Amino acid sequence: MSILSQRLSLRVAQKQVLTPGLVQMVTLLQCNRLELKEMITQELAENPVLEESHEADETTQEEIQALLEAERVQDPADANLVEMMGAGADVAVGDAEAPEQPDLNVGGEVEVPESAETVSDSFEEIDFGSFFDDYLDPGYRSPQAESAERPSFDTFLSSPVTLAEHLEQQLALIVLDPEVREAADTIIGNLDENGYLTVSLEEIALQADCSIEQAQQGLKYIHSLDPSGIGGHDLQECLLIQLESRGAKDGVAWKMIESHLPLVQSRQWKELAKALSRPIEHIETAFQAIRDLDPRPGLRYSGPGPQKVEPDVHIFKEGDEYFVQLNDDDLPQLRLNPSYRRMLDRDQSTDQEVKNARGYIRERYNSALQLLKNIEQRKQTIMKVCQSIIARQGEMFDGGIDLLRPMMIKDVAEEIGVHPSTVSRAVANKYAHTPQGVFELRFFFSEAVQGSSGADTPLLVLKRRVKKMIEEEDPAHPLTDEQIMLRLQSEGIMVTRRTVAKYREDMNIPSTHQRRVRN
């Protein structure tokens, strides 16, 4: 029978830890411009040593640089900071695509050398002269920045109007009885995202406290509003409302929708011609008119609306060369408060309260220096990634999306000397304004397809090629997935039929049977 007992034992062990400075570095790298601004604003509020720099500040750049040179953080845990970012020993913090957290620092009971000079300080790896020229001086602009035409932020913002707001604006211009207006407002409140009325007129009358006749009048006015087709109970009524607004009531297209909608959906022209006693040419002409109708008229005003994007990077061309510029116009420009620095330079006092205050100021001062260092590291990493993208995707910037080349994150990581997860963080949730438009940085990374010619074809371009084949097909004899596969294979792109079907479904393109036009 064994007896449990408590024992105290000592042993030396190496433990891998993640310092707050490294956590802040990877967090800043993942942030886009708006998130970075929010973090800097929060640090300004929490750290009294940091303050926003203005042109009228008396402290010069040389003084700040001298302070940084004299006040380096000698934390052994951060000694390999730049080496980690440059050599691949990256850390995964809050990134689903990054690998598990590797061992970065040695802590626990490992003895640290007393001499700070024996520890490689990553601060020495950063060119602070360039840092304060480009980052802390709000009046400094490089020649490329002065000559480049920067896009206006208004270009990337819009205020989406909801379907209810759009209809209410039109309804406000019509003179109506109070009961009818109340019924119309109630109808607008019962429209789904497609613009269909989801309840009966009896329920509308009950909700609006009006008669059925007044509810019908309100619905009639809703039918007259833009977009046409709003207020229908189903697809058939929605299309009929649109045809009536175009003066096509009781025409061939009207009769096709009113009495033979299933035949229209299956494109059975011969059966429609027989049922309506009309030539097939009339049926085909009417179908073209039906194709111009919108089956979900309210959808354009529904959904989350356009995404608000503020580019983090501006890529522009001068002459034959492309340049990269980070969008930091509205970011707070940081400086160190000189008053706290002077407090640290004073003679040490034996008073405990003074010593505690000095300790707090020292900790805040080191935290401010760490933030400045990490912001500069973020800037340099993003710049290197963008320069690599330009070198690999120059043809796309000149000629359009069809010239996009395959590019992998690991290839860019090897080129600039960092871990792939560092590149993944650098491009996460960030956008670039380019001569071809605004793109997410991840857009430029795409895997190549298989085959002799596929090595130069990214998946995005392959999908566009499949879509173009379908758009140019004969409607009477649409291409099957297998025929598209054979065409691509004849061009040296090895794909399977299932892969083609997957691409088609991703682009919401109907199947061959649904695309076929029957004569």
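With both labels modelled 7 Å from their Cα along Cα-to-Cβ, the Asp351 to Leu299 distance reads 7.3 nm. Label reach from Asn429 (point 7 Å along Cα→C-beta): in segment 374-402, amide nitrogens under 18 Å belong to 375, 378-379, 382. Annotation: per residue accessible area for segment 321-425 equals 46 Å², rounded to a whole number [probe 1.4 Å, protein chains only]. Each label was represented as a point 7 Å from its Cα along the Cα-to-Cβ direction; for Ala391 and Ala164 these points are 5.4 nm apart. Multiplying the residue separation of Glu473 and Gln42 by 0.36 nm and subtracting their alpha-carbon distance yields 149.5 nm. With R₀ fixed at 41 Å, the C-beta to C-beta distance from Arg7 to Glu363 puts the FRET efficiency at about 0.65. A full extension of the chain between Val23 and Lys270 corresponds to an added length of 82.0 nm, given 0.36 nm per residue minus the alpha carbon distance. Please find the FRET efficiency linking His260 to Asp398, where r is the Cβ-Cβ separation and R0 is fixed at 41 Å, and quote it to the nearest 0.05. My answer for the efficiency is 0.20. With a cut-off of at most 12 other beta carbons within 10 Å, and DSSP calling the residue loop, which trypsin sites (Lys or Arg not before Pro) in segment 306-341 qualify? Please list them. Those satisfying the criteria are Lys308.
Extension gain, Asp329-Ser511: 0.36 nm per intervening residue step, less the Cα-Cα distance, totals 60.6 nm. Rounded, prolate or oblate: which one fits segment 164-234, using the alpha carbon gyration tensor with axes a ≥ b ≥ c (rounded when a/c is under 1.5, else prolate when a/b beats b/c, else oblate)? It is oblate, given that a/c is not under 1.5 and a/b is not larger than b/c. Annotation: lysines with alpha-carbon distance below 17 angstrom to Lys274 (same-chain offsets under eight excluded): Lys255. Rolling a 1.4 angstrom probe over segment 477-519 with all protein chains present gives an accessible area of which 49% lies on carbon and sulfur atoms. Cross-link check: pairs Lys384/Lys463; Lys384/Lys430; Lys220/Lys249; Lys384/Lys410; Lys410/Lys467 evaluated at a Cα-Cα cut-off of 19 Å; pairs beyond the cut-off: Lys384/Lys463; Lys410/Lys467.
Residues His314, His419, ordered by accessible area of protein heavy atoms at a 1.4 angstrom probe radius and largest first, appear as His419, His314.
The values are calculated or read from the model by the stated rules, or taken from the named source; none is laboratory data. Since we're looking at a predicted model, the values are computed, not measured. As a convention, Cβ positions derive from the backbone with ideal geometry for all residues, glycine included, and neighbour counts pool all protein chains shown. Calculation scope for accessible area: heavy atoms of the full protein, side chains included, ligands and nucleic acids excluded. Shrake-Rupley method; radii C 1.70, N 1.55, O 1.52, S 1.80 Å.
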